[in-house]
Amino acid sequence: MSASTLAALFSPASLAVIAACTLYGTFIGAMPGLTATMAVALLVPFTYFMDPLIAISAIVATTTTAIFAGDVPGTLMRIPGTPASAAYVEDAYRLSRAGRSRSTLMVSLFAACIGGLVGVALLALIAPQLARVAVQFSSFETFWLACLGLSCAVLTSNGSVAKSFSSLFLGLFIATIGIDVAVGHPRFTFGNYELFDGISFIPAIIGLFALSEILRSAQTGHRDQPANAAQESFSKALHEAALVLRRFKRNIARSSVLGTLIGALPGAGADIAAWICYAISRRFSRHPERYGTGYIEGVTDGGSANNAAIGGAWTPALVFGIPGDSVTAIAIGILLLNGMSPGPQIFTESPELVHTLYGAFALSNLAMIPAGLLVIMASSQVVRIPRRVLMPCVLLFSLVGAYAITNSVIAIWTVLALGALGYAMEANGFPLAPAILGIVLGTIVEENFMTSMMKAQGDLLAFFDRPWAAALGTLTLLLWALLLTRGIYESVQRRHYPSPSSETETYP
Amino acid sequence: MYCNDRLSGSLLVLFGGLVLWRASTFPSLAGLEYGPGLFPSIAAIGLIVCGALIGFGSRGRRKAPSTLTMPPRQKGWRMAARPLALLIVILGYGLLLDPLGFHIASFMAVSATALIFGMRAGGSVLLALPLMIGVHLLFYSLLRVPLPWGLLAPMAW
């Protein structure tokens, strides 16, 4: 890193922007329903007035902290602040209800910091090699990759296989609403022009995760205080977090590296990295049965993987101008506005930009520690706010946040419909996470399937023609076979050993 | 909002059937046997199969562990009515947002929600007013989200 880059990075303006964006990212990430992508999107108007190098630092600092801060409402209220926190929200929430919210959040903070630093180190080390592979991906490989992501959604959920799949198919159905990609035929819009663009993702996630939670909270009554109001002391939490980090250092190392690699694949961002690393962690854990019941191991994996993926996502963005996720897509737009076109030439034409990016990543991951500790200390205040005060606030923020995405009432209807659906699904033991992944990945799967089919003129075997496509496709099919076996095993086992509580409600 | 598995399974089968019927009316791609209807049909068939398994498969089933640590749902019509009342509040918010404007609609929605969650009338007004102003400052003034003014349009700035 040259002296001029260091001087630019440590200039008062740059440091002030990184500090401000760290706090901003923490706030937006910690607000249920406001995502990291939204934080960056809302930042875009401000970056017009900034030097491109500082604008990049601002984006990096905002995403880094927003992805971590998404764990805060997830842990305290079971509302993931960003989709990237959804993979392990169940474990984190149950730990918090057992009075361990601070140590859980500290584990996720330090795991996020380590993941982020590993992510940027790998980005700097192997960016060109990795991107060379990723850029060879055509619609065939992307199709398999998205299918793999969908399968992971079912693999990671805790409910029965049939209910997880139902949730996934509901999500896939929601993804098909709107103009279709192949011939432009409107599907399930019933003549409503505002539905032609499809269901917007952010109102959908606000409905499924935030509103359903508010509805359930309304039914549990206002008199019972949340059981997780008790929190550990700061020093005890820090001590406990240190023990957990030492115990699961291998998990953090594995998920940081894996998260970076997944993040580097186009279309797969922090949320998919967290899902896949959580699934892998469960697979290799000594206690896979404890996942989803309030077990910290999955939190270390998911927490480090999603922050590592942020760095990874910049790899194809920087080297080939292909966004790794929605955030880098926005960032590429800002670079283009400033007259810089990302691509292989950026390493030779403006190396200072690449170096500033690395530096900004390292700095914001370190700045995240004090900001994160601050928010963890203040989080107890969030828990002590009575629900009758908190829930109207969350409701208004959710509704206005959804409205801000589309600037139209259609966002309110999306929140309403999916909130009611999510509430009904949860009341009957259907997991929500596969639905949200179905919504995100459904579009990607369909677009790439249709593109591939048009290229191959309907020849399905073309999906195995290219070496990477064949490898990814075989992996996906193996996973599907595994899921099918599990489903059959589940139903056979039920027939032999009917559960005594089978006719009772799924809730106490 | 409890339904048993037989009911939810039947609803899924019914819904899948409707989607499948609707998707069969979509045009197909030139030269291929499928088109816009393919993915909705896959989702619909998936829903029908899963719905049949849930509703009419073997009756023994695993307890869903997803929300076991949640505080127990309270029984009785009053408790069941509260989520319904909230849904009506949001419906009203969507309907009134444009005609009344963001400020009046938000004030009403927040007060109503606070009342539903058991706050007294005075407290709900004390909560709704600063919250509405705060959200206005954050989203309208700072983030430039064009929130509708509705009835208050003459005093818009």
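A few remarks follow.
- Within region B:111-124, considering residues that are more than 22 Å from the chain's Cα centre (by Cα) and open to solvent by less than 40 Å² (accessible area, probe 1.4 Å), the one nearest to the other protein chains (Cβ to nearest Cβ): B:M119
- Inclusion of A:D465 among residues that are at pLDDT 85 or above, charged (D, E, K, R) and either closer than 30 Å to A:A98 by Cβ or open to solvent by 50 Å² or more (accessible area, probe 1.4 Å) (or both) is warranted.
- For A:L34, the requirement of being modelled with pLDDT under 75, farther than 21 Å from A:L105 by Cα and under 22 Å from the mean Cα position of the chain (by Cα) is not met.
- Cβ-Cβ distances below 8 Å connect the following pairs, each with a first residue in region A:284-295 that is farther than 17 Å from A:R254 by Cβ and of a type in the set (V, I, T), a second residue that is open to solvent by less than 20 Å² (accessible area, probe 1.4 Å) and not in a loop (DSSP other than H, G, I, E, B), and a separation of six or more residues or different chains: A:T293/A:D91.
- When residues in region A:246-266 are screened for being crowded, with 18+ Cβ neighbours inside 10 Å and either at pLDDT 90 or above or not small (G, A, S) (or both), 14 of them pass.
- Subset of region A:335-351 that is in contact with a Leu (Cβ under 9 Å, 6 or more places away or on another chain) and among the hydrophobic types (A, V, I, L, M, F, W, C) - its residue that is modelled with the highest pLDDT: A:L335
- If only residues of region B:125-148 that are out of contact with any Pro (no Cβ under 8 Å at 6 or more places or on another chain) and open to solvent by less than 30 Å² (accessible area, probe 1.4 Å) are counted, the one that is farthest from B:A112 (Cα to Cα) is B:L143.
- Residue match in region A:406-429 (condition: modelled with pLDDT under 85, in a helix (DSSP H, G or I) and surrounded by fewer than 20 Cβ atoms within 10 Å (Cβ to Cβ)): yes
- Applying a threshold of 6 Å to beta carbon distances and a minimum spacing of six or more residues, or different chains, the list of pairs starting in region A:151-167 at a residue that is more than 7 Å from chain B (Cβ to nearest Cβ) and modelled with pLDDT under 75 and ending at one that is surrounded by 24 or more Cβ atoms within 10 Å (Cβ to Cβ) and not in a helix (DSSP H, G or I) reads A:S157/A:P431.
- Residue check for B:R59: within 9 Å of chain A (Cβ to nearest Cβ), open to solvent by 60 Å² or more (accessible area, probe 1.4 Å) and modelled with pLDDT under 90: yes
- Qualifying residues in region A:180-211 (those that are more than 9 Å from chain B (Cβ to nearest Cβ) and among the β-branched types (V, I, T)) - the one surrounded by the most Cβ atoms within 10 Å (Cβ to Cβ): A:I206
- Selection status of B:A105, at pLDDT 90 or above, open to solvent by less than 10 Å² (accessible area, probe 1.4 Å), more than 9 Å from chain A (Cβ to nearest Cβ) and not in a loop (DSSP other than H, G, I, E, B): yes
- Note on region A:273-316: residues that are among the aliphatic types (A, V, I, L, M), surrounded by fewer than 24 Cβ atoms within 10 Å (Cβ to Cβ) and modelled with pLDDT under 85 amount to 0.
- Residues in region B:1-31 that are at pLDDT 85 or above, under 21 Å from the mean Cα position of the chain (by Cα) and either under 30 Å from A:K455 (Cα atoms) or within 7 Å of another protein chain (Cβ to nearest Cβ) (or both): B:S8, B:L12, B:V19.
- Of the set (1) at the interface with another protein chain (Cβ under 9 Å from one of its Cβ atoms); (2) modelled with pLDDT of 90 or more, all apply to B:I133 but (1).
- Condition met for A:S380 (modelled with pLDDT of 85 or more and of a type in the set (G, A, S)): no
- Filter result for A:G442 (at pLDDT below 85, on the phi > 0 side of the Ramachandran plot and at the interface with chain B (Cβ under 9 Å from one of its Cβ atoms)): no
- Test result for B:G35, under 30 Å from A:M450 (Cα atoms) and modelled with pLDDT under 90: yes
The values are calculated or read from the model by the stated rules, or taken from the named source; none is laboratory data. Everything quoted here is computed from the prediction, not taken from an experiment. Cβ sites come from the backbone with ideal geometry, for glycine too, and all protein chains shown count toward neighbours. Accessible surface is based on the protein model in full, side chains and every heavy atom, while ligands, DNA and RNA are left aside. Shrake-Rupley method; radii C 1.70, N 1.55, O 1.52, S 1.80 Å.
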